[in-house]
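Following: one structure in structure tokens, then a few remarks.
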Amino acid sequence: MGKILVTGVAGFIGFYFAKALLDRGKEVIGIDNLSDYYDVTLKKDRLIQLQKCDRFYFQRLDLSDRSGVSNLFADFCPEKVVHLAAQPGVRYSLKNPQPYVDSNIVGTFNVLEGCRHAEVKHLVFASSSSVYGANKKQPFSIKDNVDRPVSLYAATKKASELMVHSYSHLYNIPATGLRFFTVYGPWGRPDMAPFIFTKAILEDRPINVFNYGKMRRDFTYIDDIVMGIIKVLDKIPQRSTHNQSELDPTPGNSCAPYKIYNIGNNKPIELLYFIEQIEKTIGKKATKNLLPMQPGDVLETYADLTETIAEIGFEPTTSIESGIPRFVDWYRSYYRV
């Protein structure tokens, strides 16, 4: 049984995905730099859950450490790699751009070099719905042009897709990119809306609601995200033999052994309705500061799942109405409120 390397294993998605692999009897090598971008205690508590399994090995490592990453690949020779590590957050990138270059570009390059030399059988990597940027056509399709990012975070994710494609083409590395749409659920990130709103409402503090709440997001529950990655992991892309991308040159296809998929809920929810579901679960109304749009934000995200459903059989099953109570229940239990 081949080892699977998961980068960003102490992160929200990385933690859930590694746990799913361990539950399936896999051997997992997890790496994370335990960045203090948000509460490190939460990351360490996720790791404690994973370290209960003797098939899990953890190494603290920053992906910008080229020799460290190279040594890790040489020591463990992973069969497959799931690259989830990244510096996240659109708004943080407005004031602190450097970590995005270090992690999302330099870090991805070092992972690609590791995959090349270790002859990894499949690289699955996290992209983001943010790459759709200023696109107006809905829903967002993998066939759409994504050359107009509106944040540095989005630009680094687009850059990662291009870098991975070049390595896939040049070195025949099978690679699949997943554009995640607004992931939420228990153990979620403190910088995300569900966490921020739940914490503020419980503490009787006002919440900032940008664009006066007139935004829609394709909120996707963590279990659906993980199932999407699981389905993709064993579906290894093949190099095209008939030059389909030359016959039909769209951003969603390639002659290389490379694929891109949207992983979303396919049901955009207005922000004010999302807040209502948190209020309903908590049993308390929020005090809202209605504010204008922030730079880097987009009005709506909406995943076109046509290829994702047809090619990997992915269909989300968790509604906002059932997902939000699960998150709030976890929050109250974890923070004892």
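The values are calculated or read from the model by the stated rules, or taken from the named source; none is laboratory data. Owing to the predicted nature of the structure, the values given are computational and were not obtained by experimental measurement. A quick note on method: Cβ atoms are made from the backbone with ideal geometry, for glycine too, and the neighbour counts reach across all protein chains shown. The area values use the complete protein model at the heavy-atom level, side chains included, leaving out ligands, DNA and RNA. Shrake-Rupley method; radii C 1.70, N 1.55, O 1.52, S 1.80 Å.
List of remarks:
- Each Lys or Arg adds one and each Asp or Glu takes one away; over the other residues whose Cβ falls under 13 Å from the Cβ of Leu291, this sums to +2.
- Placing unit charges on the Cβ atoms only, positive for Lys and Arg and negative for Asp and Glu, gives the stretch 1-152 a dipole magnitude near 500 debye about its Cα centre.
- With each label modelled as a point 7 angstrom along the Cα→C-beta vector, the Asn289-Tyr171 pair spans 4.7 nm.
- Dipole magnitude of the stretch 84-141 about its Cα centre (Cβ charges: Lys, Arg +1; Asp, Glu -1), debye to nearest 20: 340
- Basic side chains Lys and Arg get +1 at the Cβ, acidic Asp and Glu get -1 at the Cβ, and with that the dipole of the stretch 48-103 about its Cα centre reaches some 260 debye.
- Most simply put, the chain has about 5% antiparallel DSSP beta bridges, counting only bridges with both residues inside it.
- Rounded tilt (10° steps) of 152-171 against the dominant C-alpha axis of the chain: 20
- As a fraction of the 1.4 Å probe accessible area of the chain, surface on carbon and sulfur atoms comes out at 50 percent.
- Partner lysines for Lys136 [C-alpha distance under 27 Å; skip if fewer than 8 residues away on the same chain]: Lys95, Lys157, Lys158, Lys214, Lys259, Lys267
- Rh by Kirkwood over Cα pairs, then Stokes-Einstein D for the stretch 74-148 at 1.002 mPa s and 20 °C, µm²/s: 148
- Asp23-Thr306 pseudo-label distance in nm [points 7 Å out on the Cα-to-Cβ vector]: 3.3
- Trypsin sites (Lys or Arg not before Pro) within the stretch 19-107, DSSP loop, no more than 10 other Cβ atoms inside 10 Å: Arg24, Lys52
- Degrees, to the nearest 10: 108-118 long Cα axis against longest axis of the chain: 40
- Qualifying trypsin sites (Lys or Arg not before Pro) in the stretch 114-207, where qualification requires a DSSP coil assignment and no more than 11 other C-beta atoms within 10 Å, comprise Lys136, Lys137.
- Using just its DSSP H runs of length 4 or more, each adding -39500 (n - 2.57), the chain gives a mean residue ellipticity at 222 nm of -11500 deg cm²/dmol after division by all residues.
- Dipole orientation for the chain: of the candidates Tyr335, Tyr38, Cys255, Tyr335 has the Cα lying most toward the positive pole (charges on Cβ; Lys, Arg +1; Asp, Glu -1).
- Against the chain, whose longest principal axis is taken from its Cα atoms, helix 40-50 shows a tilt of about 60°.
- Summing +1 for each Lys or Arg and -1 for each Asp or Glu among the other residues whose beta-carbon sits under 11 angstrom from that of Phe109 gives 0.
- Per residue, the solvent-accessible area of the stretch 145-303 (1.4 Å probe, heavy atoms of protein chains only, all protein chains present) comes to 43 Å².
- Quotient of Cα Rg and 2.2 N^0.38 Å for the stretch 157-316, N being how many residues it contains: 1.26
- Largest-first principal axis extents, alpha carbons of the stretch 1-148, Å: 48, 35, 31
- Between Glu315 and Lys3, the distance separating the two model label sites (each 7 Å from Cα on the Cα→Cβ line) works out to 3.9 nm.
- For the chain, the longest piece that avoids every one of the GluC sites (Glu not before Pro) found in DSSP loops with at most 12 other C-beta atoms within 10 Å covers 204-337.
- Considering only Cα atoms, the convex hull volume of the stretch 25-75 works out to 75 Å³ per residue.
- Cβ-based net charge around Arg24, under 14 Å, with every Lys or Arg adding one and every Asp or Glu removing one: +3
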